[in-house]
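In what follows, a single structure is set out as C-alpha cells and then discussed.
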Amino acid sequence: MGYLSSVGSGMASVKRMANMPLTLASLCLLLSACGGDSPPIPSYTIGGTVTGLADNASMKLLDNGGDALTVAANGAFTFATPIAVNQAYAVTVGTPPLWQNCAVANGNGTAAANVTSVG
C-alpha cells in the first residue's frame with residue numbers, strides 16, 4: 001500500500017507541475033492585456049533625388065530645419081530621421097554648393113507614406 005500512496009502523491013505533484021506553465025502563460029497574457037505598451041506610431045522616411053550638382057561639390061539639406069544631410073553626388077537621398085504619420089515635412093537647402101544656385105521641388109507635405117519625390 002505504501003507504494004501506491006507514493007505513486008498517488010507523485011501523480012498529484014506531476015499534475016500540479018503540468019498546470020504551472022498554463023497558469024504562468026495565463027498570468028502573462030492577463031498582465032500584457034492590462035495596458036502594456038501601446039502600438040508604435042507609424043513613421044515614414046523623407047527623400048528624393050538630387051540632380052545638377054557639379055562634380056566635387058556638396059550641399060547640405062535640412063528636413064524641418066534639422067536632420068542635416070550632406071549630399072556629395074547626384075542621385076537618391078533619404079533623411080536619417082523618419083517623420084511620424086500625418087506630420088509635416090519641409091525640405092530646404094541648408095548650405096548650397098559653391099558657385100551653384102539650387103531650389104527644392106516637392107519639398108513640403110504631410111507624411112502619409114515614404115516620400116521619394118523631393119527634388
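The values are calculated or read from the model by the stated rules, or taken from the named source; none is laboratory data. Everything quoted here is computed from the prediction, not taken from an experiment. Using ideal geometry, Cβ is built from the backbone for each residue, glycine included, and neighbour counts are taken over all protein chains shown. Remember, those area values only see protein heavy atoms, side chains included, never the ligands or the DNA or RNA. Shrake-Rupley method; radii C 1.70, N 1.55, O 1.52, S 1.80 Å.
When region 89-98 is filtered for residues that are out of contact with any Asp or Glu (no Cβ under 9 Å at 6 or more places or on another chain) and surrounded by 11 or more Cβ atoms within 10 Å (Cβ to Cβ), the ones remaining, listed by number, are V93, G94, T95, P96, P97. If you go through region 84-107 and pick out every residue that is outside any loop (DSSP other than H, G, I, E, B) and aliphatic (A, V, I, L, M), you end up with 5.
Looking at P39, is it modelled with pLDDT under 95, part of a helix (DSSP H, G or I) and open to solvent by 50 Å² or more (accessible area, probe 1.4 Å)? No: the conditions fail for P39.
Restricting attention to region 61-79 and to residues that are more than 17 Å from T110 (Cα to Cα) and in contact with a Leu (Cβ under 7 Å, 6 or more places away or on another chain), the residue that is most open to solvent (accessible area, probe 1.4 Å) turns out to be N74. Taken together, the residues in region 59-111 that are under 17 Å from T45 (Cβ atoms), more than 19 Å from the chain's Cα centre (by Cα) and without any contact (Cβ under 8 Å) to a residue 12 or more places away in the chain amount to 0.
When N101, N19, N86 are checked against the criterion of being open to solvent by 70 Å² or more (accessible area, probe 1.4 Å) and at pLDDT 95 or above, a single residue qualifies: N86.
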